[in-house]
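Everything below concerns the one structure shown next.
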Amino acid sequence: MPMAAPTDVLVPAAKLESFIAAIFEGAGCDRAEAWRISTHLLGANLAGHDSHGVARVPRYVEWLQAGYVRKGQNAEVVTDGGCFALLEGHFGFGQTVAPQAVELGIERARQHGVSVIALRNAGHIGRVGDYAETAIRAGLISVHFVNVAGSTLVAPFGGTERRFSTAPFSVGVPLPDRPLVLDFATSLVAEGKVLVASNGGKKLPEGALIEPDGRLSSDPHTLYGDYPPVGPRNPANGKGAIRAFGDHKGSGLAFMCEMLAGALTGGGTAGPVKGRGRISNGMLSFYLSPKHFGTEAEFHEAGRVYLDWVLACRPADPAQPVLAPGDKEAATRAERLAKGVPLQPDTWESILQTARSLGVPEAG
Ligand code: NAD
């Protein structure tokens, strides 16, 4: 579980949530949207995925001010085939248009037993597992292929140049009282982790990056080029790439995320990029209702027996029991709800700066 460093600022979850909502209201969002964004970002921190949490606030506000992301948008149905639909996100906040896509997917899967929903041109949708969790609460299995149109950071297996986005993938499975949530980027590390390492934080795993000449690297300069000890990092300045996880298999999954979430949706793939100026998420989601399949009872029973058997596997390290997808996030959530959300001092300071720039007072 990600632990708090001694220098971290510990902020109670409820205080952080209302403060971040106030920032987005201060930036011009209506109250409901401001809270949606805040609740989602806080949720990522609570799950332990700080790279997709409130650290994103300054950048989200900059994107809003630059017109890269738009407030007050709704996902619009472009194609409606009953059990499938294509939605246009109009570059609205991902935390608004992605939940709308999920809501439609749930509604249609309840009607038809299955549904397929394509969403394109969404602002950054954040932690994809959040959407799998919504489907789980509705009793549905879901599978989500996501890409980041206009963002090339990741080299394909066997390659040395950037071709993929960090293209996340998520699957949610609703066992009673025991949600299973698989949710990860298809890059070996998230860009946020390279950023942390460049600021002197946790080092990258060996070979997380690759140089143009094919040498493996764990040096953030590979991604960012030259940079000062403190200040912004720009992946456009680096010549290397992050590697896809899992050799040819993870690389293949990233490729398919680009195909399904980028090409099929019409939102665009990671590249080639020419003057696009902004990034957006595409997401192709499948929803399945075990009830409609007629095997819900068997699914719950066999799923539970199987889960228990997997978890009973003798661990390689007795101090590290085998976990199911989503377990780590659930444990981190419980701890952070109880103790507060640890934030790196730089992260907290940049959020405070954004708040000050908008005239939003820090909640006491
Ligand atoms: P990660 O490498 O931490 O992997 C997380 C997954 O692995 C989870 O399903 C977790 O339960 C499981 N897991 C972790 N430790 C485990 C263990 N010991 N045993 C069994 N399972 C374990 O995740 P990541 O790749 O760093 O991704 C972080 C987040 O970034 C995700 O929420 C993803 O959706 C998000 N993301 C979003 C975008 C976007 O454009 N919106 C892009 C990339 C990533």
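Derivation of every value follows stated rules applied to the coordinates shown; laboratory data play no part. These numbers were taken from a predicted model, which means no experiment stands behind them. Methodologically, a virtual Cβ is constructed for each residue, glycine included, from the backbone with ideal geometry; neighbour enumeration extends over all protein chains shown.
Observations on the structure shown:
- Label reach from Asp213 (point 7 Å along Cα→C-beta): in region 229-249, amide nitrogens under 18 Å belong to 238-241.
- Computed magnitude of the charge dipole of the chain (debye, nearest 20; Cβ of K, R +1, Cβ of D, E -1): 420
- Calculated FRET efficiency, Asp30 to Glu107, Cβ-Cβ distance, R0 = 22 Å: about 0.40 to the nearest 0.05.
- Take the Cα of Glu62, step 7 Å toward its Cβ, do the same at Glu161, and the gap between the two points is 2.7 nm.
- Gain upon complete extension [Lys202, Phe84; 0.36 nm per residue less C-alpha separation]: 38.2 nm
- For region 188-243, the ratio of Cα radius of gyration to the globular rule of thumb 2.2 N^0.38 Å stands at 0.99.
- Three-way shape label, region 1-147, alpha-carbon gyration tensor, a/c 1.5: oblate
- Rounded to the nearest 500, the 222 nm mean residue ellipticity of the chain from helices alone is -11500 deg cm²/dmol, with -39,500 (n - 2.57) taken per DSSP H run of at least 4 residues.
- Applying Stokes-Einstein at 10 °C and 1.306 mPa s to the Kirkwood radius of region 238-293, computed over alpha-carbon pairs, gives a translational diffusion coefficient of 117 µm² s⁻¹.
- Size check on the chain: the Cα extents along the three principal axes, sorted descending, read 60, 49, 45 Å.
- Extension gain from Gln353 to Glu298, taking 0.36 nm per residue of separation minus the Cα-Cα distance: 14.5 nm
- Rg/Rg_globular for region 220-364, with Rg_globular taken as 2.2 N^0.38 Å and Rg from C-alpha atoms: 1.53
- Distance between the modelled labels on Val77 and Asn234, one decimal in nanometres: 4.4 nm (7 Å Cα→Cβ projection).
- Region 188-243, dipole about Cα centre (Lys/Arg Cβ +1, Asp/Glu Cβ -1), debye to the nearest 20: 160
- Rounded if a/c under 1.5, otherwise prolate or oblate - region 299-357, Cα gyration tensor axes: prolate
- Of the residues His221, Asn237, Gly201, the one whose Cα sits farthest towards the positive end of the charge dipole of region 188-243 is Gly201 (charges of +1 on Lys and Arg Cβ, -1 on Asp and Glu Cβ, taken about the Cα centre).
- Part-to-part distance (alpha-carbon centres) for region 76-149 and region 288-309, which is given in Å: 23
- Cα-projected label distance for Lys291 with Val322, points at 7 Å along beta-carbon direction, nm: 3.2
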